[in-house]
Amino acid sequence: MVLKPINRKIGLVLAGFAGLYLFLSYQIPSYSYALVDADVVPKGLGFLLLLLSILLFSQKKVETEQEKQKRTIPKKEIYILLGVAAFILIYIFLLEIVGFVIMTSLFVFTCSSFLGYKNYKTSALVAIIFSTLIYFLFNYLLLIHLPPGVLPF
């Protein structure tokens, strides 16, 4: 009866994930000369997730039938979610090989087309400008090198 509401089940799962995440974030090595270390953001996110999962677990709200029906996902939308997840996995796998600019442009264009946006000229233009702008911003202004892949710059 304690775990009857779905919020409690999800809160418990998220708390376990937050605990694992925090354990792994404490494994990040610290550097003595850094003011803000590399583990600050992961630890902060881990504690935030733990706090939010505790709040979710302790909610007293009772779920109605209408809210249960909202949770059901139509079959068509499940296929859309799986398609986007497949695009993300392909993007991650090919990012280092093909490069950031080409893969990000292809990803943005393909996902927007897959999700129903039919103005292909605008979509291609936005995808190319966005990925090129982000690439130059990171590589030349922030000095964080993104994978160039097959491109010479």
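Bear in mind these aren't lab numbers, they're just calculated from the coordinates by the rules spelled out. Model, not experiment: these values are computed from the prediction. Quick reminder, even Gly has a Cβ in these numbers, built from the backbone with ideal geometry, and neighbours come from all protein chains shown.
If R₀ is 35 angstrom, what is the calculated FRET efficiency for the pair LEU115 and VAL36, using the beta carbon separation as r and rounding to 0.05?
0.40
Kindly provide log₁₀ I(q)/I(0) values, in the same order as q = 0.19, 0.25, 0.27 Å⁻¹, from the Debye equation applied to equal alpha-carbon scatterers of the stretch 1-57.
Here the Debye-derived log intensity ratios amount to -0.65, -0.89, -0.97.
Could you tell me which helices of the chain pass both thresholds, a Cα extent of 30 Å or more along their own axis and a mean Kyte-Doolittle hydropathy of at least -0.5, with helices taken as whole DSSP H runs?
75-98
Let me spell out the model: positive unit charges on the Cβ of Lys and Arg, negative unit charges on the Cβ of Asp and Glu, origin at the Cα centre of the stretch 48-129. What dipole size does that give, in debye rounded to 20?
300
Which net charge results for the neighbourhood of GLN27, defined as the other residues with beta-carbon distances under 14 angstrom from its beta-carbon, given Lys and Arg at +1 and Asp and Glu at -1?
Net charge around GLN27: -1.
Among 80-90, 107-117, how do they line up by average Cβ neighbours within 10 Å per residue, starting with the highest?
Going from most to least packed, we get 107-117, 80-90.
Distances over 27 Å make up what percent of all Cα-Cα pairs in the chain?
More than 27 Å apart: 54 percent of the Cα pairs in the chain.
Run the simple label-point estimate for LEU45 and VAL13 please: 7 Å along Cα→C-beta, distance reported in nm.
Label at LEU45, label at VAL13, 2.0 nm between them.
Can you tell me the relative contact order of the chain? Whole percent, Cα pairs under 8 Å, sequence separation 6 or more.
Result for the chain is 20 percent.
Residues in the stretch 115-138 near a label at ILE80, defined as backbone nitrogen under 16 Å from the 7 Å Cα→Cβ point?
What the label zone holds, given the 16 Å backbone N cut-off, is 115-119.
Work out the length of the dipole vector of the chain about its Cα centre, built from +1 on the beta-carbon of each Lys and Arg and -1 on the beta-carbon of each Asp and Glu, and round it to the nearest 20 debye.
760
Do any trypsin sites (Lys or Arg not before Pro) in the stretch 57-129 lie in a loop, going by DSSP, with at most 14 other beta-carbon atoms within 10 Å of their beta carbon, and if so which?
Counting only loop positions with at most 14 other Cβ atoms within 10 Å, the trypsin sites (Lys or Arg not before Pro) in the stretch 57-129 are LYS60, LYS61, LYS118.
Give the aspartates and glutamates whose C-alpha is closer than 12 Å to that of LYS9, dropping any in the same chain fewer than 8 places away, or say none.
List returned: none.
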